[in-house]
Amino acid sequence: GKRFEIQRAEEMARRSLDFICTSPFVEGKGFSIRYNYADRRWLPRRNPLSQAQAMHNMLAAYRVAEHRPGIDRTRWATFLRAACDLHAARVLAAGWRPVSTNEGFLIAPLAEAAALLEEPRYLEAARKAADHY
């Protein structure tokens with residue numbers, strides 16, 4: 001906000017993260033990453049790379065918000081846990097065989113979430129993906 005002289009930057013960021021948390025999940029696929037504003041609906045597109053990028057950015061905001069009084073991170077934590085649980089389960093499954101490097105982008109958010117959300121299974125999944133790639 002300071003760099004670009006945006007007075008409401010923190011509020012805008014908070015509202016954006018809250019909005020992302022409304023994205024629906026599909027079992028085994030994850031959350032939607034595209035929203036049609038004109039139709040006011042989430043589109044069915046779900047890809048691991050874009051989800052990983054969203055998760056990574058949300059985790060960065062989650063970390064920053066930890067030191068900002070008055071910011072409720074509960075909704076973000078719930079969403080991040082759902083995303084990490086889903087992707088960690090997919091990666092840790094015995095039959096996991098990614099068809100591209102897209103899933104390599106899950107390594108960073110899963111590793112970071114392991115520490116921030118205190119869930120060792122996420123780190124196990126990140127290590128498996130890292131070993132694969």
Within the range 1-26, residues at pLDDT below 90 and of a type in the set (D, E) come out as E5, E10, E11
Scanning the range 44-61 for residues that are crowded, with 20+ Cβ neighbours inside 10 Å and not aliphatic (A, V, I, L, M), the one farthest from G104 (Cα to Cα) turns out to be Q51
By residue number, the members of the range 111-133 that are in contact (Cβ under 8 Å) with a residue 40 or more places away in the chain, crowded, with 20+ Cβ neighbours inside 10 Å and either over 11 Å from C84 (Cα atoms) or in contact with a Phe, Trp or Tyr (Cβ under 6 Å, 6 or more places away or on another chain) (or both) are A113
Residue pairs within 6 Å by beta carbon, gap of at least six or interchain, first lying in the range 78-93 and over 23 Å from D18 (Cα atoms), second part of a helix (DSSP H, G or I) and of a type in the set (G, A, S), listed first then second, are V91/A125; V91/A129; L92/A125
So is G95 open to solvent by 40 Å² or more (accessible area, probe 1.4 Å), at positive phi and either of a type in the set (G, A, S) or modelled with pLDDT of 90 or more (or both) or not?
no
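The values are calculated or read from the model by the stated rules, or taken from the named source; none is laboratory data. All values reported here derive from a predicted model rather than from experimental measurement. Because the Cβ atoms are built from the backbone with ideal geometry, glycine has one as well, and the counts that use them run over all protein chains shown. SASA here: full protein model, heavy atoms, side chains in, ligands and nucleic acids out. Shrake-Rupley method; radii C 1.70, N 1.55, O 1.52, S 1.80 Å.
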